[in-house]
Amino acid sequence: MHQPLVKYCDISTEQLVFDLKWVIESPGLLIEPPPQINWELLRDDYFNSCSVWLVDLEQNSKDLKSFFDQDHQFILGKYFEMLIQFIFENFEEFKLITKGLQVIKNNRTIGEIDFIFKNLKDNKTTHLEVAVKYYMGYKSSAKHTMWIGPNGMDNLAGKIQKFTTQLSMAMLAEELNELNTASFSRKVMLKGYFFKHINSEQMPHFCNPDALIGKWLYISELDNIIKPKSNFIIVPKRLWLGFYFDEDLEIFDSNLVVEIVNAEIQRVGKGILLAAIDESDNQIKTKYMVVPDRWPKLTLHRDKDQG
């Protein structure tokens, strides 16, 4: 079941509002950074003051739809960043100073700054790095190196390390020389899902107790989650933020799930998101990351553990 290429302009207004609400209200993955880390996490309630604005936006979403009227191919991480950019550019309490600023040294790009913004209520300037990630706990370990992405090539420890590098970039950017970059708050916004193996309850060190959680399994374990008369969908990546339910998605029953999931994993060669559907209202219930039996290959040693 090949998923067609999606462009930002193809996203419905309803999904844009739904996903923006998810960005504002969803919990972060971590409750605090590991020791010896010199940045802070953006509080889960940081955007609470946006609630009334969000209600108004639901009634008049013309500006939001116009913002995404772009003929570019959908990329999940970029979509997440664009929703955050929309908040900083359109909510009255914020002033966006720069976004996506490339840092160049000796004619070579050494990094990029996600956002620098000012909170007009407290007059504080923040360098914010953001990411949306989906990590699976491997071998029932709490170590951050053992919380790995669907492609087997990245993990939570490596992402934390990358945040630290990115948050040092503001002092190196010539475009920011006129600003007192040393006074900037340095914060991280890390959202997404943790997936526990179907036979494990282990979570990573410093996990937010409110973090969003799914389950993961190898494709050979599919029979363990299939119940008679149960319905499923394969969730395309364009819906991985808030899991907006698109009524055009193909719903298939338990008799077909193994065949369809096998074919899809064979096609993409990495993990896919399978969701169990509530029969009463066709809403997504349990979310499963299903991966090839060879996952995660030989990538576990790449990043130093910080968990």
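Table for the structure above
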{"read-out": "Test result for Gln266, touching a strand residue (DSSP E or B) at 6+ places or on another chain (Cβ under 9 Å), polar (S, T, N, Q) and either assigned to a strand (DSSP E or B) or surrounded by fewer than 19 Cβ atoms within 10 Å (Cβ to Cβ) (or both)", "value": "no"}
{"read-out": "Boolean, Glu32 is exposed (fewer than 14 other Cβ atoms within 10 Å of the Cβ), over 16 Å from the mean Cα position of the chain (by Cα), within 26 Å of Thr125 (Cβ to Cβ) and modelled with pLDDT of 95 or more", "value": "yes"}
{"read-out": "Matching entry among Thr145, Thr98 (being under 28 Å from Phe67 (Cβ atoms) and surrounded by 13 or more Cβ atoms within 10 Å (Cβ to Cβ))", "value": "Thr98"}
{"read-out": "Any hit, segment 169-176, residues being closer than 30 Å to Thr13 by Cβ and in contact with a Phe, Trp or Tyr (Cβ under 9 Å, 6 or more places away or on another chain)", "value": "no"}
{"read-out": "Pairs where the first residue, in segment 142-157, is at positive phi and the second is in a loop (DSSP other than H, G, I, E, B), C-beta under 6 Å, 6+ apart", "value": "Gly152/Trp295; Gly152/Pro296; Gly152/Lys297; Gly152/Thr299"}
{"read-out": "All helices (runs of 4 or more DSSP H) inside segment 31-124 with 1 or more residues being out of contact with any helix residue (DSSP H, G or I) (no Cβ under 6 Å at 6 or more places or on another chain) and hydrophobic (A, V, I, L, M, F, W, C)", "value": "51-59, 76-90"}
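The values are calculated or read from the model by the stated rules, or taken from the named source; none is laboratory data. Since this is a predicted model, take the numbers as computed values, not measurements. Reconstructed Cβ throughout: ideal geometry from the backbone, glycine too, with neighbour counts over all protein chains shown.
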